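What follows is a short report on a single structure.
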Amino acid sequence: MGDEIIKLHSVWEQTQQTSKKDTFLPQFKFEELINSIISTGPFYYYIVDFYDMSLSNVSQSIGDIHKLDPDSVSFNDILNTIHPDDIDFVIKAEKASFDFIYDTIGKDKILNYKTSYSFRSRRKSGEYAMLNHQALILTIDELGRFGKSLNIHTCIDHLTKSNTNQLSLIGLNGLSSYMNIEVNKSINTTVEFSKRELDVLKLIAEGNTNNEIATQLFISPLTVKKHRTNILNKSSCKNTSQLIRESILKGLI
């Protein structure tokens, strides 16, 4: 295990926000959950337990993307696919994610947020490709510390070859989402999207017109237009095509 991977482990091991014991994973509709949060493109998933860094529920598709055996792969095997030049960003992104959830969102909402950021990863061919990482905490202990996490890695090379080096925290079950979080705390470019804005955004991505969105959300077309303008302004996108692309990259849709 390289020095940079050791540093990444230290983010989880030294923090007071990861559980020090095994946490119970209740039964849930696993495939339904996967389908609700993945991005477009080839992907694989697994569950990692922060208690002992063990893996479970590793999808067979990890062998199609990386040269890894789903039956024997370890967490370090996956971490070692990260491009050496991107490890430092991943370390900072993990630390920033912990800090933002506990300091800004609140530990009572941990199970209702997914983390999203991107990095380059070594493919089966030996070449590096851009992957979008999404993580959803599935269990916490009695102190609200992270237990098990569902991680999904999606190939997004067809969308971008470059990385924004920013973090997003996507709210589930009607909670607000936070985009463009800089891993360097001295810089604040965070953008917050409301539940209604996210509802409008998802319907835009599905190809609905303003009138169709208004009908589905029981609001006026003028209100939809205002939301649409606010979304474009917040995301710094010039048009709908760019908005949809950026939203996919950041895990919003």
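Read-outs throughout are calculated quantities, based only on the coordinates presented, and are distinct from any laboratory measurement. Not measured: the values here are computed from a predicted model. Here the Cβ is made from the backbone with ideal geometry for all residues, glycine too, and neighbour counts use every protein chain on show.
The calculated FRET efficiency for W12 paired with K195, based on their beta-carbon distance and R0 = 41 Å, is about 0.85. Computed on the range 113-225, the Cα convex hull volume stands at 159 Å³ per residue. Working from Cα pairs under 8 Å separated by at least six residues, relative contact order for the chain is 19 percent.
Cross-linked pairs K195/K225; K109/K234; K202/K226; K109/K148: Cα-Cα separations exceed 20 Å for K109/K234. Bridging of K250 to aspartates and glutamates at a Cα separation below 14 Å is possible for D157, E182, E192, once same-chain residues fewer than 8 apart are set aside.
One way to sum up the overall shape of the range 196-243 is the equivalent ellipsoid from its Cα gyration tensor, whose semi-axes run 17, 11, 8 Å, largest first.
When each of the peptides 62-69, 110-117 is scored by how many other beta carbons lie within 10 Å of its residues on average, the order from highest to lowest is 110-117, 62-69. Extension gain for T215-D77 works out to 44.8 nm (0.36 nm per residue, less the C-alpha to C-alpha distance). Whole-Hz Karplus values for the range 191-201 come out as 10, 10, 10, 7, 4, 5, 4, 5, 4, 5, 4 Hz, taken residue by residue from phi with 6.51 cos²θ - 1.76 cosθ + 1.60 and θ = phi - 60°; glycine and proline positions read x. From the alpha carbon centroid of the range 52-73 to that of the range 152-223 is 29 Å.
For the chain, the C-alpha radius of gyration divided by 2.2 N^0.38 Å, with N the number of residues, is 1.02.
Counting only helical runs of four or more DSSP H residues, what would the 222 nm mean residue ellipticity of the chain come to if each run contributes -39,500 (n - 2.57) and the total is spread over all its residues? Computed ellipticity for the chain at 222 nm equals -10000 deg cm²/dmol. In sequence order, the range 235-249 has phi-based couplings of 8, 6, 9, 8, 8, 5, 4, 5, 4, 5, 4, 5, 5, 5, 4 Hz under the Karplus curve 6.51 cos²θ - 1.76 cosθ + 1.60, θ = phi - 60°, and Gly or Pro positions carry x. Working from Cα pairs under 8 Å separated by at least six residues, relative contact order for the range 118-157 is 37 percent. The residues packed around V48, meaning those with a beta-carbon under 15 Å from its beta-carbon, carry a net charge of -3 if Lys and Arg are +1 and Asp and Glu are -1.
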